Amino acid sequence: MTAPSRPTRPAPIALGMIGLGHWGPNYLRVFKMLPEAAVLRAADPDRSRRRALGPFYPEAKFGRDYHAVLNDPAIQAVVIATPSSTHYSLAREALLKGKDVLCEKPLALSSRQCQQLIRTARARKRILMVAHIFMYNPGILKIKEYLDADQVGKVYYLMAIRTNLGPVRKDVNVVFDLAAHDVSIFNFLLNARPTRVTASGASFLQPGREDFCFVTLLYPRGVLGHLHLSWLTPKKQREILVVGSRRMITWDDLDPLDPVKVHDRGSAEEPFYYDYGEFQRMARVSDVHLPSISAEEPLLLQSRHFLQCVRTRSRPLSDGRNGREVIQVLEQIQKALRRSR
């Protein structure tokens, strides 16, 4: 009697990596953890980056010219983690070479360019995915669960704070660098796009390139969104607040233990109190629930989703259309900034 044969595991998806700067090495690390992926080539013009990373990934060929990645017939999909201004041209060239593409945000610097990439991907029957990583963040996904299950009540407003002391980009302003994250989160949570945008900002370090910005977004059904974006704040903050009629939810990406807190008390009348001590106690009356949040790394979840889409030829959660919608909002913010000058 012969032993039953074990099911064979599909061959790993052959990947190429373009860009080894700030974020590219994280992709190399994550894909090395995934048995369904194999990075065959990586390209970056910085020789010191290649020499620093090469010994850790001996199975991949490192080179200066990204054309070696795109021209390799063995490579099925390409990950682009280069400066924002290069995304459109690199993604387009990769699609035309028959590669599936995972591109860091923003997908391009204009919605017109995004639409061209969408058309190219459709014509070539290629997967086009944008790395809106917070759509794969377990904390954001938990908030999405609460909203979809109508556990928050009527949503009044959302607020996001995304600040740090740099890094200051040279090719885009703080809106295209940081706002793409929170716009993608708000659109995802609300299943909607804003109908009106106002913004004000300032350019302290580079003339004509905002490094600080306040943005207000009006969504359908009167829901407001507010963004605070800055490269010039000494404290790094990555926080979101969702305020509803029954519950309020806070998310702090820098809290490793309890990033999501659900406050069961919604809006209330001002309480009556006899003295200041009683006022302080009453101001703290609120049940706080700490939901269990998966500790899996968002980049790992995003990368696994991309590989699954490549394998099954299915539409990514953050596909080209999603990337275009985010850019359309960023364009509205840019117009609002010009009007406010």
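Bear in mind that the values in this text are calculations on the coordinates, not laboratory data. All figures in this text were calculated on a predicted structure; none of them were measured in a lab. Here Cβ is always computed from backbone atoms with ideal geometry, including for glycine, and neighbour counts include all displayed protein chains.
Couple of notes before you dig in:
- Segment 68-188 - Kirkwood radius from inverse mean 1/r over Cα pairs (Å): 16.2
- Protection-proxy order for peptides 247-256, 37-46, 178-187, each taking the mean of Cβ atoms within 10 Å per residue, highest first: 178-187, 37-46, 247-256
- Where only DSSP H runs of four or more residues are counted, the chain gives -10000 deg cm²/dmol as its mean residue ellipticity at 222 nm, each run worth -39500 (n - 2.57).
- The chain: relative contact order in percent, alpha carbon pairs under 8 Å with at least 6 residues between: 18
- Taking the DSSP beta bridges with both ends in the chain, the antiparallel portion is around 55 percent.
- Simple label model, 7 Å out from Cα along Cβ direction - ARG50 to ARG112, nm: 3.5
- For the pair SER245 and THR195, a Förster radius of 22 Å applied to the C-beta separation gives a FRET efficiency near 0.55, rounded to the nearest 0.05.
- Members of LYS99/LYS235; LYS99/LYS261; LYS99/LYS335; LYS125/LYS170; LYS105/LYS142 lying beyond 32 Å, as alpha-carbon distances in this model show: LYS99/LYS235; LYS99/LYS261; LYS99/LYS335; LYS125/LYS170
- Per-residue extension of 0.36 nm, minus the Cα-Cα distance of ARG265 and ALA295, leaves a gain of 8.1 nm for this segment.
- Cα-based shape type of segment 1-134, given that a ≥ b ≥ c are square roots of the gyration tensor eigenvalues and the cut on a/c is 1.5: oblate
- Pairwise centroid distance, computed over Cα atoms, of segment 1-76 with segment 109-169, Å: 26
- FRET efficiency, GLN206 to TYR156 (Cβ-Cβ, R0 30 Å, nearest 0.05): 0.25
- Projected label points at THR233 and ARG313, each 7 Å from Cα along the beta carbon direction, are separated by 4.6 nanometres.
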